[in-house]
Every structure is written in C-alpha cells, then in structure tokens.
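The values are calculated or read from the model by the stated rules, or taken from the named source; none is laboratory data. Note that the structure is predicted; figures quoted are calculated from it, not measured. Here Cβ is always computed from backbone atoms with ideal geometry, including for glycine, and neighbour counts include all displayed protein chains. Protein only, heavy atoms only, side chains kept; ligands, DNA and RNA dropped before computing areas. Shrake-Rupley method; radii C 1.70, N 1.55, O 1.52, S 1.80 Å.
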Amino acid sequence: MIAASSPLHSQAQTASHGTETSLILTGTLTAFFVLLTFFIVIVLGGDVEPLTKFFRRVYNAVSPQSGGEAIPIEENHDGITELDNRVPPWFNYLFGGTILFAVVYMLDYHVWRSSPLPQAEYAQELAAADISRRVRVAAEGSINEEALEPLTDEASIAAGHERFSRNCVTCHGANAGGIVGPNLTDRYWISGGGIKDVYATIKNGVPQKGMISWKLVFTPKEIQQIASFILTLQGTNPANGKKPEGTLFQEPAPQKDSGKAVK
Ligand code: HEC
C-alpha cells in the first residue's frame, strides 16, 4: 500500500483542492483586514475606542457571571479551597466555534457534498494522473517493445535519471546501490539485466516482492529512459552497495539470421 501510493507523489499535475481552499481563505482574511482598516480610518477617524468597546461587550456577553468574583463551593480540604470560577469567555467562544465548525463541515461534506471525501479525492487524483499519462503517451507515440534498444542520448539519460531520483531512490538508493530493493549497479540480476528485462521489470513490477508496476505512472518512452539510465550505472560500484542478488547476467548472443543459405 505504501508503495502503491508513492507514484502519486511524483505527479504534481492537479491544482489541488487544498490550494484553492487556502487561496479563498487568504483572500477573505485579507479583504476583512483591508475593510477593517478603512472602517477605522474613514468612519471612526482613527479612533479605535468604540471598536474595542464593542468587541469587549461581545466578548463578555457569553460569560453569564462576567465581572463576578470566584465563588468557593467547598471550603477547606485541609486548607485547600475549591473555587467555582466562571468559564473564561475565550473558552466559550472556542467551544461554540467547534460546534459551528462541525455544522459547516457536515453540511459541506455530507449534506451538500460540495467537497470530496478522501476516497473521492484519491480517485480524482488517480484520474488526473491517468489523463496526464495518456496525454504524454499521445504526444510521444508508441515504442516497439520487441526491438527495444537502450537510449544513449544525453537528454534521455538525464530524463531517466530525474525520474529515478524522484521515484526509486527510497528503495534502491540514490546511487542505485540498493536499500530495500536490490543493487542495480552490479551484473547480477534477479529478473534479467538486458534492456528488455529491466524495461519489463519496471513496467510490470514484482508486486509480491514490493516492487510495484509503474505502467500506470510512466509512459513506455519514460520507462525506456529510466531503464537506459539504470544500465549506464553498470559497474559504478557505489559505496555501501548491497551484495549482488540473483544470477550473473550475460547478454544473449546476438540472434543470427535465420541461417538458411540463400540458394
Ligand atoms: C517500495 C520499494 C521499491 C520502489 C519504490 C522501487 N523498487 Fe525496484 N525493486 C524493489 C524490490 C523489493 C525489488 C526486488 C524484486 C525481486 O526480488 O524480484 C526491486 C527490483 C527492481 C529491479 C530488478 C532488479 C533485479 O535484480 O532484477 C529493477 C530494474 C527495479 N527494481 C527498478 C526500479 C525502478 C526504475 C523504480 C522507480 C521507478 C523502482 N524500482 C522503485 C523495490 C522497489
């Protein structure tokens, strides 16, 4: 589950609901203070006394015994007295505020359903990530997985490196020396070390071992870039790299032509 949610963090495509809400909140607060300043300067002529009086009256209104003395309710437990102090107004406001918040929250999320619940929000983010991936696929065209070759141009390797840094280092380490996942810089591979093998491992994952499938996150081209980048790390032998796992990978001998002599 942890792994399954990580691709989303790498995709910051959607202007999230939270950003909008905080923008509205900031805007409202700013407008409030600007209006308040205007009111004080223009209507009150800079004299804040009436305003503070007003607020003091509102503030004290919720306290039924405002101004009263603390009343002892039980005298003397071995010299310790218990006082029936009035509840401070700030506490009453806070308490009232939580009730108001709950009402607004319930109306918003459960009655009018104007804000999405976490599951719906998650589904929205997934859908947005999927659309963004489809757009990227459409833009770059498909690749031939049967005749896959490692990319060698600098831009592709850099793009692969960037995606690797953002999505894979938590398990494979910054230098791909391996943490939870295996060392990707040695010649030993669990699932094969050719470009097609590495491509297939990234695309399909090894879910039962904790390596998720990335095919819903990356486009084929992007997976090719990442796989190509990984293969450039062969033999880099990073410090603290994990011991080799799997078997020594040998590039299969290049396929010969059908071998039949042409008559
Ligand atoms: C949650 C941890 C985790 C993340 C994140 C992760 N991997 Fe893995 N990865 C693993 C594990 C565990 C294995 C070993 C699977 C096995 O035992 O077959 C593995 C195996 C691999 C292998 C095959 C290694 C071999 O020896 O055959 C490759 C290639 C690979 N990961 C690439 C990536 C890439 C690229 C990313 C990022 C896009 C990534 N991994 C992200 C955990 C992770």
Per-residue ³J(HN,Hα) for segment 180-196, Karplus 6.51 cos²θ - 1.76 cosθ + 1.60, θ = phi - 60°, Hz, x for Gly and Pro:
7, x, x, 5, 9, 9, 9, 8, 9, 10, 7, 10, x, x, x, 4, 5
Determine the distance separating the Cα centre of segment 208-241 from the Cα centre of segment 133-198; give it in Å without decimals.
3 Å
Residues with amide H under 5 Å of residue 211's amide H, sequence separation 5 or more or different chain, H placed in the peptide plane at 1.01 Å from N; which?
206
Between residue 135 and residue 115, what is the label-to-label distance in nm when each label sits 7 Å out along the Cα-to-Cβ direction?
2.6 nm
Tabulate in residue order the Karplus-calculated ³J(HN,Hα) for segment 106-122, using 6.51 cos²θ - 1.76 cosθ + 1.60 with θ = phi - 60°, rounded to whole Hz; enter x for Gly and Pro.
5, 4, 5, 8, 10, 9, 7, 6, 7, 10, x, 6, x, 5, 5, 5, 4
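For segment 152-248, what % of the accessible area comes from carbon and sulfur atoms, probe 1.4 Å? Spell out each step's value before the answer.
On the way: 2820 of 5020 Å².
Carbon and sulfur atoms account for 56 percent of the accessible area of segment 152-248.
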Give me the count of lysine pairs in segment 152-248 whose alpha carbons sit under 17 angstrom apart, restricted to pairs 8 or more positions apart or on different chains.
5
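How would you classify segment 185-225 from its alpha-carbon gyration tensor, with a ≥ b ≥ c the square roots of the eigenvalues: rounded for a/c under 1.5, else prolate if a/b is greater than b/c, otherwise oblate? The partial results should precede the final answer.
Values: a/c = 2.50, a/b = 1.22, b/c = 2.05.
Here segment 185-225 falls in the oblate category.
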Let me spell out the model: positive unit charges on the Cβ of Lys and Arg, negative unit charges on the Cβ of Asp and Glu, origin at the Cα centre of segment 152-248. What dipole size does that give, in debye rounded to 20?
280 debye
Can you list the HN-Hα couplings for segment 241-253, worked out from phi with the Karplus curve (6.51, -1.76, 1.60; θ = phi - 60°), rounded to whole Hz and with x for Gly and Pro?
x, 6, 5, x, 10, x, 10, 4, 8, 10, 4, x, 4
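Set the Förster distance to 35 Å, then compute FRET efficiency between residue 20 and residue 240 from the Cβ-Cβ distance, nearest 0.05.
On the way: r = 44 Å, r/R0 = 1.25.
For R0 = 35 Å, the calculated efficiency reads 0.20.
Figure the gain on full extension for residue 30 and residue 44 (residue separation times 0.36 nm, minus the Cα-Cα span) and round it to one decimal in nm. Before the final figure, lay out each step's value.
Working: separation 14, 0.36 × 14 = 5.04 nm, distance 2.01 nm.
This chain segment gains 3.0 nm when fully extended.
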